[in-house]
Amino acid sequence: MPGKTESYSQTTSRTTVETQTKTEQLVFAKTDEVKLANWLKRILPQVEQELLEGLTPNQQPDKIGDSTENFDINIKHCQQIAFLGDQNSHGHALWLSLYASDVPVLALTSSGSHENWCRHLNQWIKVFIPKREAGKDTLIFTEAKQISLNACIQTLSRNPFNKDVFAGGTISGDIFIWKFKNDYKSVDVEEIGSHSVTEAPNALDWLDETHLIGCLDNSQVVIWKVSKEIIQESLFSVQKKDKAKLTVIVALTRTQFVVGTDKGDVIHCILTPSQDSVETVVLKKHKFAVTHISKVTVQGNLAVYSCDLNGELFVHDLYKTDKDPELILNIPLPYKTTFCTSKDGETVFCPSEDGGLDIYRLKNGLLKTVNGNLQGKGNCIKRSDNGNWFVTGIYNGYFQIFKLDE
């Protein structure tokens, strides 16, 4: 990991002045001079490093957000999109390819709560395209297409190698591949493949343009080949013992991916040459179920950000050596179970209460909140590839779109 990220990690592990004072009193009271000298030699390099770095930002939970000084991100509300229905407790969103200038196409859907199976037979994905309002210099996302479904969507994933293509998995175990088509006179969404499975994937991602990967219960991962048909190529387990439910997955390369479990595990997986098993590296474990994972390139280095059910965010350096410390950034995101980041990984965005947006600057712990006027708690956020557009939801049947003002 780069120097900046490491300094963030160091910040979270330092104690407060009060704690340091108590530690020193305890050491002087219970150790002899030889032990004290050894202890001072051991901590001296760290003390010198901290002095060189200057004052440590205070990242105590009760101090986060006390100041927005030098916070130069300017984000404004753009539009609210109604997605009304009886079953919309969870939102799903994707930004597809650019439609006009720097504005992408938007796909939205929602799902209800489920125990064993889905009884919601009238579901849909809605696709929105940006249109300029007559006589105004503003854009409005307008519904252009509806995709009818016979069950709620459990997971959506856009193909990063072809941004017009996206996949969806339903609660009932159907996998669909769609392609957005735009001929500048009309738009359409074509279903280019479907496949039924005995176990619905909890999350999906793309290893490459033609390979879809999904994570299942019981620590299993499945890979499908996507062409004229969707064909299962391999099925394997990433844990030999204490098998857990895999809750999230993110592909890093054609042969590497990271999964999170309902027990808090974060596992870096490398496919073997036979493609039917993996070698694994266990990363820093969360205390609660992992709810979101994102890959981020920070100053040229690949990292993985993970978040758990309690809202704690970890940053994992995938390629550290045995001599490097475990670089973990632990900032308080109370009960925020999803996030996205800026391109450089230094800023984290989370949906807040009532349609707002919380923005955390990792290097100094500053918080900025863009207030909303909706009701409910957001559980979905997506940032466009160009970084200019955000969508959050779902708030009592509404999604909120934000735009970054440069």
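The values are calculated or read from the model by the stated rules, or taken from the named source; none is laboratory data. The structure presented is a predicted model; accordingly, all values stated were derived computationally and were not measured. Positions of Cβ are generated from backbone atoms using ideal geometry, with glycine treated the same way; all protein chains shown enter the neighbour counts.
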Considering only residues that are farther than 19 Å from Val226 by Cα and modelled with pLDDT of 95 or more, which ones fall in segment 148-176? none
Cβ-Cβ distance below 8 Å, separation of 6 or more or different chains: which pairs start in segment 221-234 with a residue that is within 18 Å of Val248 (Cα to Cα) and end on one that is outside any strand (DSSP E or B)? Val221/Val238; Val222/Val197; Val222/Pro201; Val222/Leu216; Ile223/Gln275
Counting residues that are among the hydroxyl-bearing types (Ser, Thr, Tyr), which strands (runs of 3 or more DSSP E) fully inside segment 148-257 reach at least 2? 153-158, 187-196, 230-237
All positions within segment 321-337 that are at pLDDT below 75 and either touching a helix residue (DSSP H, G or I) at 6+ places or on another chain (Cβ under 6 Å) or surrounded by 14 or more Cβ atoms within 10 Å (Cβ to Cβ) (or both): Leu327, Ile328, Leu329, Asn330, Ile331, Pro332, Leu333
Hey, among the residues in segment 360-372 that are within 20 Å of His292 (Cα to Cα) and of a type outside the set (Phe, Trp, Tyr), which one's modelled with the highest pLDDT? Arg361
Among residues of segment 338-359 being at pLDDT 90 or above and of a type in the set (Ser, Thr, Tyr), the residue nearest to Lys287 (Cα to Cα) is Thr338
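Going residue by residue through segment 259-278, is there one that turns out to be in contact (Cβ under 8 Å) with a residue 40 or more places away in the chain, in contact with a Pro (Cβ under 8 Å, 6 or more places away or on another chain) and either more than 20 Å from Glu209 (Cα to Cα) or surrounded by 17 or more Cβ atoms within 10 Å (Cβ to Cβ) (or both)?
Checking segment 259-278: not a single residue is in contact (Cβ under 8 Å) with a residue 40 or more places away in the chain, in contact with a Pro (Cβ under 8 Å, 6 or more places away or on another chain) and either more than 20 Å from Glu209 (Cα to Cα) or surrounded by 17 or more Cβ atoms within 10 Å (Cβ to Cβ) (or both).
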